[in-house]
Amino acid sequence: MKRYHVTTFGCQMNVHDSERIKGLLESVGLGEAATPDDADFLVFNTCTIREKADERLVAHLMDARAAKQRDPGKVVVVGGCWSESMKDELFDQFPFVDLAFGPGNIHRLGDFIQAGGEIPRGHFSTFDSFAGDLPLKRDRDYQAWLQISTGCNCNCAYCIVPSVRGREHSRHPDDLVREASALAADGVRELTLLGQNVNSYGRDLRPAVTTSFAALLRALDAVPGIERIRFTSPHPKDMRDDVIEAMADSPAVCEHLHLPVQSGSTRVLKAMRRTYSRERYLTLVERIRDRIPDIALTTDIIVGFPGETDAEFEDTLTLVDEVGYDHAFTFVYSPRRGTDAARREDQVAEEVKKERIQRLVDLVQAHAARRNAALVGTVQEVLVEGPSRTDPSVLRGRTRANKAVNFGGEATAGELVDVRITASTSQTLAGQLGAPVAV
């Protein structure tokens, strides 16, 4: 049997795409290899959002070139967003690559890769189909991704996603309910809904189909067996009251919201083309917490966007203080080819960005530590994921607020259990297993 190995870079959308890639490859007769060295097909599912992902990918590609020199029969395949952005020059820069495809063409991969078949050299890219109907190989039996849309209609100055994933396109709500029902019948208890902007879901389906993200949340909440629903990522401009109400009213929807802010400065937000102000964002946070008081809020923040002044960076710090996030993904701005921000001449010096990111990380960690410490002594519902990666004698899992917990006791992966929290850090909670939560 020919074997494949998939290496994934980037966001949850790419992780889910890789599950589809694996399922598709196995459907045409390939088996999965434990390591790249054991594989006949080396597949890289790429990201182009951040510079570090590019650097890591190139290092992996150089390893693949060396492997192909040792064994000319190996096939090197590059998919994903970076592949799409490089389609006009990829083979010139990396002539050892055999096949490349964009994120909108996973469904065609099986046409080109067959066990023992001939590989036609080239790149194929369109945005004409969802991967939702493809075979799927999930990493976990009890958790699953559910892709509700693809592409993006936003025009953020720093982002390349619309050009590599196309315009926004929503899946039919009936298809999503059917897929969720099938996943629940297969033992899935937790769904994470995926889209570049999940809360604009359904607008492109009108007038043929009248739906919304709020309506989808309520429909999926009613699917028997689905006990937790998460989603990523919403856009603050589209976070309307009907979505907040659906979150509050739907028992399966978890008390966690990832709400990217990117900057605390209204001027910088305008330059980013985020279409909301600092004040509008803070008012939104207040409305959410009024309706869902125990919600955990996380975010994305970019440091050093072109033209960001010291005072504007301070605006970001004061916003972080005001919101008090449970966690934040913090990024140093890096220019992405083809974006408006990359063409600006007022780029912030690297040493300034490094100093700012450290101050921001320290502040975020302080708030995360404070919010986690407030949970010590409480009992949290935890979905068991298995043994801890660092200590097999301890179990790990996540709360409804998406906080990682290491805890003592005996339980099986996929169980929902009560854990009393006994200690905390800025990153994790520790606890002891209690009685199972009634199903």
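Residue count for region 158-174 satisfying the condition of being surrounded by fewer than 19 Cβ atoms within 10 Å (Cβ to Cβ) and at pLDDT 95 or above: 2.
Scanning region 4-49 for residues that are within 22 Å of Lys87 (Cα to Cα), hydroxyl-bearing (Ser, Thr, Tyr) and touching a residue at least 60 places away in the same chain (Cβ under 8 Å) yields a single hit, Thr48. For region 283-306, the set of residues classified as surrounded by 16 or more Cβ atoms within 10 Å (Cβ to Cβ) and either in contact with a helix residue (DSSP H, G or I) (Cβ under 7 Å, 6 or more places away or on another chain) or modelled with pLDDT under 95 (or both) consists of Leu284, Val285, Ile288, Ile292, Ile295, Leu297, Ile301, Val303, Gly304, Phe305, Pro306, listed by residue number. Only one of Arg108, Arg138 is modelled with pLDDT under 85 and part of a helix (DSSP H, G or I); which? Selected residue: Arg108, the only one of Arg108, Arg138 that is modelled with pLDDT under 85 and part of a helix (DSSP H, G or I). Highlighted here are the strands (runs of 3 or more DSSP E) found entirely within region 30-105 that include at least 2 residues which are of a type in the set (Val, Ile, Thr): 41-46, 75-80. Can you tell me which residue within region 391-419, out of those that are of a type in the set (Val, Ile, Thr) and surrounded by fewer than 18 Cβ atoms within 10 Å (Cβ to Cβ), is farthest from Thr378 (Cα to Cα)? Once the filter is applied, the top-ranked residue is Thr412.
Reported count of residues in region 349-359, each being in contact (Cβ under 8 Å) with a residue 12 or more places away in the chain and either surrounded by 18 or more Cβ atoms within 10 Å (Cβ to Cβ) or closer than 30 Å to Ile421 by Cβ (or both), is 4. Can you confirm whether Phe130 is under 18 Å from the mean Cα position of the chain (by Cα), aromatic (Phe, Trp, Tyr) and at pLDDT below 90? Answer is yes for this residue. The number of residues in region 316-341 being in contact with a strand residue (DSSP E or B) (Cβ under 9 Å, 6 or more places away or on another chain), under 17 Å from Leu269 (Cα atoms) and not hydrophobic (A, V, I, L, M, F, W, C) comes to 3.
For region 348-359, a residue qualifies if it is in contact with a helix residue (DSSP H, G or I) (Cβ under 9 Å, 6 or more places away or on another chain) and in a loop (DSSP other than H, G, I, E, B), and exactly one does: Val348. Inside region 14-73, can you point out the residues that are hydrophobic (A, V, I, L, M, F, W, C), within 26 Å of Thr339 (Cα to Cα) and surrounded by fewer than 14 Cβ atoms within 10 Å (Cβ to Cβ)? Answer for region 14-73, where residues must be hydrophobic (A, V, I, L, M, F, W, C), within 26 Å of Thr339 (Cα to Cα) and surrounded by fewer than 14 Cβ atoms within 10 Å (Cβ to Cβ): Val58, Ala59. Would you confirm whether any residue within region 376-383 is under 17 Å from Thr422 (Cβ atoms) and buried (at least 21 other Cβ atoms within 10 Å of the Cβ)? Checking region 376-383: at least one residue is under 17 Å from Thr422 (Cβ atoms) and buried (at least 21 other Cβ atoms within 10 Å of the Cβ). I'd like to check something: does region 331-348 contain any residue that is closer than 30 Å to Asp241 by Cα, touching a Lys or Arg at 6+ places or on another chain (Cβ under 7 Å) and in contact (Cβ under 8 Å) with a residue 40 or more places away in the chain? Yes - at least one qualifying residue is present in region 331-348.
Just one of the numbered conditions (1) modelled with pLDDT of 85 or more; (2) within 21 Å of the chain's Cα centre (by Cα) is not true of Glu55: (1). For the residues Gly187, Gly202, the requirement of being crowded, with 21+ Cβ neighbours inside 10 Å, at positive phi and in contact (Cβ under 8 Å) with a residue 24 or more places away in the chain singles out Gly202.
The values are calculated or read from the model by the stated rules, or taken from the named source; none is laboratory data. Computed from a predicted model, the values in this text were never measured in an experiment. Neighbour counts run over all protein chains shown; Cβ positions are idealised from the backbone, glycine included.
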